[in-house]
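Comments concern the structure below.
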Amino acid sequence: MSFSERLQEIRTGFERPFWIANITEIFERLSYYGAFASLALYLQEKLNFSTEQTGTLTGIFGGMVWFLAIFGGAAADRLGFRRALSIAYLILGAAYFLIGSIGAPWLAPVRNAVPLGLFVGFILILPALGVSLVKPCVVGTTARASKENVRSIGYSIYYTMVNIGGAAGPYCASWAHRHLGVENVYRVAALSVFAMFFVVLFFFREPRKPGDTPPPSVAIVVRNFCLVVGNYKLVLPVLGMALLLRVAMMIYPFAVPWWIWVGLLAIVLAGISRFMWFLVIFTGYWIVFWQQYISLPGYIHGYINPSADVEIILITDGLTVICLTLAINFLTRKVAAGATGPAGNLYGFRIFADRNRIVNRRMVRRDAHAPVWRGCASTAAHLVGCDGGGYSNSGAALDLRQIFSRSPYRKHRSILGLSGADCAFGNSP
């Protein structure tokens with residue numbers, strides 16, 4: 001196929017909702033990464049939190065996004081993508097504005113009535129409510145509003161938009177920090193996502209496909225989540241206990257002996273499933289990765305240069321991905337996907353070259369047709385939203401219905417997704 005023919009295929013292969021959703025994704029990512037790039041300095045230097053408290057609070061800001069994505073996909077399915085995106089951008093606009101207003105006089109009565117750490121922690125959870133709705137909507141729109149012959153390109157466009165936002169966010173945060181003050185980084189982020197509310201309202205139309213199945217209920221999502229966790233009756237109460245301990249430490253400052261945390265961790269690891277063990281191992285990479293936003297800013301200002309422009313430094317990650325993606329794809333075009341993934345084959349799971357595609361290797365080899373397990377370039381088209389029975393996007397970027405529908409695991413069919421440290425579970429009718 002010639003370049004001009006391929007270009008024409010791209011022009012006609014995507015409906016308008018695809019472009020609207022992905023353009024708004026740039027601004028959502030710009031706001032998120034811009035806010036994250038300045039957060040550690042904002043908490044430590046503006047609000048006078050300690051290094052330990054700053055680490056905990058920035059962890060809440062990043063971690064809750066991935067936890068709430070478990071339920072965000074189901075909510076997006078039930079609300080519809082247009083309504084869910086509109087609500088998400090309204091929530092994000094309000095949340096970023098509140099983060100930038102934590103020290104404002106008009107919040108003083110509330111700020112003085114509760115411990116500051118608890119107050120800030122609650123506000124930092126709010127953006128996660130919006131982000132957890134945006135991701136499944138954009139991924140689902142990419143599946144529904146693109147023809148099958150260009151769907152894999154559609155996902156490449158989606159991830160390119162994410163990386164553009166990831167690189168532009170810290171740059172905008174740097175400009176706002178230097179010219180307007182660090183608290184106004186969050187007001188600029190709020191304005192960015194609030195503008196996207198109107199873009200969705202006026203230009204986005206709900207993408208539909210014949211044969212779409214009814215969305216799963218939140219109860220089904222919760223049930224499937226418990227199923228995948230493993231011994232949820234043991235794991236979830238222990239996690240709840242650990243969370244209550246952290247909250248209590250914010251309200252009434254006290255130290256918990258290290259061996260208690262180790263004991264709680266050991267109990268959780270003993271109760272989780274093999275799949276969760278894989279996620280725990282794989283998450284180790286992301287724990288290190290996110291330190292560039294959590295620990296690096298304070299380290300640079302404390303030990304290298306207190307006036308360094310940290311936000312500009314944080315552009316490196318997104319910019320490097322953008323610059324090297326085409327080159328790496330070209331160099332690895334003849335290499336099987338399992339060999340190019342972050343960890344190759346690990347504990348029976350095959351990791352595809354795209355970090356958001358994970359399937360169980362044993363199930364794939366036994367039950368799926370050749371294009372899936374061979375790791376060819378069209379893998380995405382076979383994994384996401386191509387089943388004739390309809391598409392459900394319950395907090396997921398990966399559709400395993402083709403695999404499970406013919407396997408002995410059929411009664412536990414699920415949609416599973418992994419992005420960074422996030423894991424989302426839904427139901428596939």
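The values are calculated or read from the model by the stated rules, or taken from the named source; none is laboratory data. Keep in mind that what you see is a predicted model, and the values were worked out from it rather than measured. No Cβ is skipped: glycine too gets one built from the backbone with ideal geometry, and neighbour counts run over all protein chains shown.
Structure values in brief
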quantity: Residues that are of a type in the set (A, V, I, L, M), surrounded by fewer than 20 Cβ atoms within 10 Å (Cβ to Cβ) and within 20 Å of Trp19 (Cβ to Cβ), drawn from segment 179-203; calculated: Ala195, Val199, Leu201
quantity: Any hit, segment 1-19, residues being under 19 Å from Ala189 (Cα atoms) and either free of Cβ contacts under 8 Å to residues at least 40 places away in the same chain or within 19 Å of the chain's Cα centre (by Cα) (or both); calculated: no
quantity: Unique residue being at pLDDT 95 or above, over 13 Å from Ser132 (Cα atoms) and of a type in the set (A, V, I, L, M, F, W, C) when the list is Leu57, Leu79, Leu98; calculated: Leu98
quantity: Among (1) loosely packed, with under 15 Cβ neighbours inside 10 Å; (2) closer than 30 Å to Thr24 by Cα; (3) of a type in the set (A, V, I, L, M) - the single one Ile251 does not satisfy; calculated: (2)
quantity: Pairs, first closer than 18 Å to Ile23 by Cβ and of a type outside the set (Gly, Ala, Ser) in segment 76-88, second part of a helix (DSSP H, G or I) and modelled with pLDDT under 90, C-beta under 8 Å, six or more apart; calculated: Phe81/Gly140
quantity: Those residues of segment 128-150 which are at pLDDT below 90, surrounded by fewer than 24 Cβ atoms within 10 Å (Cβ to Cβ) and out of contact with any Phe, Trp or Tyr (no Cβ under 8 Å at 6 or more places or on another chain), in sequence order; calculated: Glu148, Asn149
quantity: Selected residue (only one of Phe27, Phe18, Phe36 is modelled with pLDDT of 90 or more, assigned to a helix (DSSP H, G or I), of a type outside the set (Asp, Glu) and touching a strand residue (DSSP E or B) at 6+ places or on another chain (Cβ under 6 Å)); calculated: Phe18
quantity: Count of segment 310-336 residues which are surrounded by fewer than 16 Cβ atoms within 10 Å (Cβ to Cβ) and not in a loop (DSSP other than H, G, I, E, B); calculated: 12
quantity: Those helices (runs of 4 or more DSSP H) lying entirely in segment 253-309 with at least 1 residues touching a Phe, Trp or Tyr at 6+ places or on another chain (Cβ under 8 Å) and under 16 Å from Val228 (Cα atoms); calculated: 258-271, 274-289
quantity: Of residues in segment 105-147 being outside any helix (DSSP H, G or I) and not polar (S, T, N, Q), the one nearest to Met161 (Cα to Cα); calculated: Ala145
quantity: Any hit, segment 203-213, residues being assigned to a helix (DSSP H, G or I), touching a residue at least 24 places away in the same chain (Cβ under 8 Å) and over 30 Å from Ser86 (Cβ atoms); calculated: no
quantity: Residue within segment 40-58 that is basic (Lys, Arg), under 23 Å from Asn224 (Cβ atoms), touching a residue at least 24 places away in the same chain (Cβ under 8 Å) and assigned to a helix (DSSP H, G or I) present; calculated: no
quantity: Test: residue in segment 265-272 that is surrounded by 12 or more Cβ atoms within 10 Å (Cβ to Cβ) and within 19 Å of Ile60 (Cα to Cα); calculated: yes
quantity: Some residue of segment 240-257 being more than 18 Å from Phe36 (Cα to Cα), aromatic (Phe, Trp, Tyr), over 22 Å from the mean Cα position of the chain (by Cα) and at pLDDT below 90; calculated: yes
quantity: Some residue of segment 215-230 being within 21 Å of Trp66 (Cα to Cα) and part of a strand (DSSP E or B); calculated: yes
quantity: Residue in segment 231-252 that is aromatic (Phe, Trp, Tyr) and part of a helix (DSSP H, G or I) present; calculated: yes
quantity: Residue ID - nearest to Ala143 (Cα to Cα), chosen from residues in segment 159-197 that are under 23 Å from the mean Cα position of the chain (by Cα), among the aromatic types (Phe, Trp, Tyr) and modelled with pLDDT of 90 or more; calculated: Phe197
